[in-house]
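Just below is one structure, and these are the notes that go with it.
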Amino acid sequence: MEQIAQLFIENQMMIYFIILSIFVGIEVIGGVPTVLHTPLMSGANAIHGVVIVGAIIVMLNMTEPSILNYMLGFLAVFLGTLNVVGGFVVTNRMLEMFQKK
Amino acid sequence: MTPTTILLIKGLAYLFGSITFIVGLKMMGNAKSASQGNKLAAIGMVAAILATIILHTDASGQLASVPAIVYFIIFGAIALGTVVGWMAAMRVQMTKMPELVSMFNGMGGACAALIGLMEFAHNTGEGKTGTLIAILLGMVIGSISFSGSVIAFLKLNGTMGKPIRLPLYNILNTALLIGLSIFTAYMVHMSSQPGIDHVSAPMGLLYGLFAVAIIYGILFTIPIGGADMPVVISLLNSFTGLAAAFGGFLYDNKVMLTGGILVGSAGTLLTLIMCKAMNRPLWNVIFGAFGGSSGGSSLEVDGSIKDISVSDLAVQLNYSKKVVIVPGYGLAVAQAQHIIKELENLLEERGVEVKYAIHPVAGRMPGHMNVLLAESNVSYDKLVEMDEINPEFEQTDVVLVVGANDVVNPAAKSDPSSPIYGMPILEVDRAKTVIVNKRSMNAGYAGIENLLFYDPKCSMFFGDAKKALTALVAELKTM
């Protein structure tokens, strides 16, 4: 219990940050026409590809280099890139179709 | 560079990334600015990734010296991922778009899960409770998102057809979720004990937790029917966002935090909006689906079904003033979007006004029909949303329903015992005539009888959408 309390006290700024970000997310989506739901979902999908930054940090910080760790790291960066590049490109394709009249 | 300069540039790059995500997502909510919004977010992402690689610092705040092989691996993985991701995204047909989004989402989830697997061992020990919570929750949620998305992918591309329901699957899944939560809490507790370090870290249990999370993702998704997959993908999308946010917490990395939380909350809201369009609460999608035979319609169906021939239909359309087309999943499956555009052109040449009525949940993703019809160059302003088109049906001569079913079922308005009662529908029965193109008399996803087909105003035009419409277009050309 004390650990949890400590965690809260130490990370108050972070908690405020998280709560405000949640409201930004809700605010940003509000009032979107149904027509755009698919591209929007796809665009949001590309944005969470930012998890690749974590995969890169793991690689750069690797304290115990081993073949296994290198392979896992390679896989993580590769999968994250797929998410980012594929996500943005497929969203772009969808949206370009809306544009040409 | 001095440590301050490095921190400043990196901080600015992350700030720039975070702002582009928020502004980009906001711009994507408007048809005019959507494409720029997407590109803006992509630029922010590149800036964040480059800053992470180039401005990596060691404990002293100086640029860290990292073995060349590590850079080689990182750039190799990025290059390979770019080529594969780009090709997959460029080559996929518009009808397969939902599957691909699901697959990319799963890849992001897997990335988050791998980060957890790699970071666990050297973040154990006393006082590491917060770090361990971030690592383990990120891994568990990422794994659920990964396996769930793969199942959603398989369901959407037809490899896994029918929903699979294990006996008592709701109780089983709930029990597994509780078990998974307790297991995660136990891992956090025991790995933060004094004396645990990267050598004595419980790696076996970690892999066990990973496996249970993967299994839960599978069991969570398999009972849900194909028609509900958009909701599931949207939900799993927000899960991956959450997993990325835990990664941000772990590294105190602001761009991962903003990106992750933004998608987590926006994705959750989007999921709820989709559920609302179907008039079903989220719990009902996840736990209930339509429970098969129980609680079916109590209305006796009387009357008979009429067929219409190609030539009669062609004549009828030819002499109409106003035709409204209602596209559904059948149109996507049959890849009939181009032929339907040809039909539209032919009719317009003959002075017939043609519009498309778009139900919010037609197809396999909200907006699926818009994307599909945009592919065949159907003009954006011919696509009319439900609330706007419903009053127009009374002045419509012919409504042509192509591969849609539940979204035009009048039982949603008239039969309180119907499972879809209360769902807003396209009120096509108010038009002068209704023609329904379907492959067979099989019920729609909800598994219920469609009273519309027995309406005296309604005729059936059986056949695969592409073949049937091709025949219709050929017939019209002879007139």
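Among the residues of segment B:51-68, those identified as surrounded by 13 or more Cβ atoms within 10 Å (Cβ to Cβ) and among the hydrophobic types (A, V, I, L, M, F, W, C) are B:ALA51, B:ILE53, B:LEU55, B:LEU63, B:ALA64, B:VAL66.
In this structure, A:GLN12 qualifies as more than 7 Å from chain B (Cβ to nearest Cβ), open to solvent by 10 Å² or more (accessible area, probe 1.4 Å) and not aliphatic (A, V, I, L, M).
From the list B:LEU8, B:LEU50, B:LEU12, B:LEU80, the lone residue that is hydrophobic (A, V, I, L, M, F, W, C), over 27 Å from A:GLY73 (Cα atoms) and part of a helix (DSSP H, G or I) is B:LEU8. Can you say whether B:LEU205 is at pLDDT 90 or above, over 18 Å from the mean Cα position of the chain (by Cα) and not charged (D, E, K, R), as far as the supplied structure shows? In short, yes.
Go through segment B:395-407 and give me each residue that's open to solvent by less than 10 Å² (accessible area, probe 1.4 Å) and modelled with pLDDT of 90 or more.
Residues satisfying the conditions are B:THR396, B:VAL398, B:VAL399, B:LEU400, B:VAL401, B:VAL402.
Being more than 9 Å from every other protein chain (Cβ to nearest Cβ), touching a residue at least 40 places away in the same chain (Cβ under 8 Å) and outside any strand (DSSP E or B) holds for only one residue in B:SER60, B:SER65, and it is B:SER60. Here the condition is being open to solvent by less than 30 Å² (accessible area, probe 1.4 Å) and among the basic types (Lys, Arg); of B:LYS382, B:LYS438, it holds for B:LYS438 alone.
Among B:ILE73, B:ILE115, which is the only one that is free of Cβ contacts under 8 Å to residues at least 40 places away in the same chain and within 7 Å of chain A (Cβ to nearest Cβ)?
None of the other options fit; the residue is B:ILE73.
One residue alone among B:VAL333, B:VAL371, B:VAL361, B:VAL323 is modelled with pLDDT of 85 or more and of a type in the set (A, V, I, L, M), and that residue is B:VAL323. Restricting B:ILE133, B:ILE151, B:ILE214 to those that are within 31 Å of the chain's Cα centre (by Cα), at pLDDT 95 or above and open to solvent by less than 60 Å² (accessible area, probe 1.4 Å) reduces the list to B:ILE214. Take the conditions (1) in contact (Cβ under 8 Å) with a residue 60 or more places away in the chain; (2) open to solvent by 70 Å² or more (accessible area, probe 1.4 Å); (3) over 18 Å from B:ALA134 (Cα atoms); B:HIS198 misses just one of them, which is (3). B:VAL378 meets each of the listed conditions (1) over 20 Å from the mean Cα position of the chain (by Cα); (2) part of a helix (DSSP H, G or I); (3) not basic (Lys, Arg) apart from (2).
Put simply, of B:ILE233, B:ILE273, B:ILE182, B:ILE286 the only residue that is within 8 Å of chain A (Cβ to nearest Cβ), surrounded by fewer than 24 Cβ atoms within 10 Å (Cβ to Cβ) and outside any loop (DSSP other than H, G, I, E, B) is B:ILE273. Applying the set (1) facing chain A (nearest Cβ under 8 Å); (2) surrounded by 20 or more Cβ atoms within 10 Å (Cβ to Cβ); (3) among the hydrophobic types (A, V, I, L, M, F, W, C); (4) within 30 Å of A:ILE67 (Cα to Cα) to B:VAL84 leaves exactly one unmet item: (2).
The values are calculated or read from the model by the stated rules, or taken from the named source; none is laboratory data. On a predicted model such as this, the values are computed, not experimentally measured, just so you know. When we count neighbours, we look across all protein chains shown, and the Cβ atoms used for this are built from the backbone with ideal geometry, even at glycine. Each accessible area value is taken on the protein alone, full model and side chains, heavy atoms only, with ligands, DNA and RNA left out. Shrake-Rupley method; radii C 1.70, N 1.55, O 1.52, S 1.80 Å.
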